[in-house]
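One structure below.
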Amino acid sequence: KRKKAYNTHNEMENEIFKVLKEKGCDVFKTAAGPNVDLCWKYHNKFSFLEVKSVNKGNFSHQIRMGIGQVIEYRERFNKLNTKVENTYLAITAEDSTGKWEEICKSVDIVLITPKKIREIV
């Protein structure tokens, strides 16, 4: 299970990386601050993304964890005087409940699913 989750996480991260590069984003690792999965600048505006591997057994738990991580990371970047333009939470499966996109939006996080990868940026 862990290996499969690791693989789906990496596949999602790699796919998003490709899309960001295609759109002309400067994707990089931060020298200081939280260790986020991906961060980038687009038109000189900083954004970051956290990827969570989800399945039927852990779906809600993983999204809740991801939302908490993104909020914490955004606050840590702010304390480092790094203005965060957009924050993203990517999940490795579709949201069959349809509720998580609105929940994420309510805390200024964009939810990315496999079908919505191209909508990033």
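So is Arg64 modelled with pLDDT of 95 or more, out of contact with any Pro (no Cβ under 7 Å at 6 or more places or on another chain), basic (Lys, Arg) and within 18 Å of Val27 (Cα to Cα) or not?
Spelling it out, it is not the case that Arg64 is modelled with pLDDT of 95 or more, out of contact with any Pro (no Cβ under 7 Å at 6 or more places or on another chain), basic (Lys, Arg) and within 18 Å of Val27 (Cα to Cα).
Tally the residues that are under 16 Å from Gly33 (Cα atoms), outside any strand (DSSP E or B) and touching a residue at least 12 places away in the same chain (Cβ under 8 Å), restricting the search to segment 55-90.
Final tally of qualifying residues: 11.
Does segment 53-73 hold any residues that are open to solvent by 50 Å² or more (accessible area, probe 1.4 Å), farther than 14 Å from Asp95 by Cα and not aliphatic (A, V, I, L, M), and which are they?
Correct list: Glu72 only.
Cβ-Cβ distance below 6 Å, separation of 6 or more or different chains: which pairs start in segment 99-121 with a residue that is at positive phi and end on one that is open to solvent by less than 90 Å² (accessible area, probe 1.4 Å)?
Val121/Lys23; Val121/Tyr42
Return only the number of the condition from (1) aromatic (Phe, Trp, Tyr); (2) surrounded by fewer than 20 Cβ atoms within 10 Å (Cβ to Cβ); (3) in contact with a Ser or Thr (Cβ under 8 Å, 6 or more places away or on another chain) that Phe28 does not satisfy.
Unmet for Phe28, out of (1) aromatic (Phe, Trp, Tyr); (2) surrounded by fewer than 20 Cβ atoms within 10 Å (Cβ to Cβ); (3) in contact with a Ser or Thr (Cβ under 8 Å, 6 or more places away or on another chain): (3).
Does Arg76 satisfy the criteria of being open to solvent by 50 Å² or more (accessible area, probe 1.4 Å), within 17 Å of Ile103 (Cβ to Cβ), modelled with pLDDT of 95 or more and out of contact with any Lys or Arg (no Cβ under 7 Å at 6 or more places or on another chain)?
For Arg76, the condition - open to solvent by 50 Å² or more (accessible area, probe 1.4 Å), within 17 Å of Ile103 (Cβ to Cβ), modelled with pLDDT of 95 or more and out of contact with any Lys or Arg (no Cβ under 7 Å at 6 or more places or on another chain) - is not met.
Go over the candidates Glu50, Glu22, Glu13, Glu85 one by one and state the one that is under 22 Å from Glu101 (Cα atoms), open to solvent by 50 Å² or more (accessible area, probe 1.4 Å) and not aromatic (Phe, Trp, Tyr).
The conditions single out Glu85.
For Val110, state whether it is open to solvent by 30 Å² or more (accessible area, probe 1.4 Å) and among the hydrophobic types (A, V, I, L, M, F, W, C).
Here the answer is yes, as Val110 does meet what is asked.
Being on the phi < 0 side of the Ramachandran plot, out of contact with any helix residue (DSSP H, G or I) (no Cβ under 8 Å at 6 or more places or on another chain) and polar (S, T, N, Q) is the filter here; which residues of segment 62-96 pass it?
Within segment 62-96, Gln62, Gln69, Asn78, Thr82, Asn86, Ser96 qualify.
The values are calculated or read from the model by the stated rules, or taken from the named source; none is laboratory data. Keep in mind it's a predicted model, so treat the numbers as computed, not measured. Neighbour counts are summed over all protein chains in view; Cβ atoms, including those assigned to glycine, are modelled from backbone coordinates with ideal geometry. Quick note on the areas: whole protein, heavy atoms, side chains included, nothing else; ligands and nucleic acids left out. Shrake-Rupley method; radii C 1.70, N 1.55, O 1.52, S 1.80 Å.
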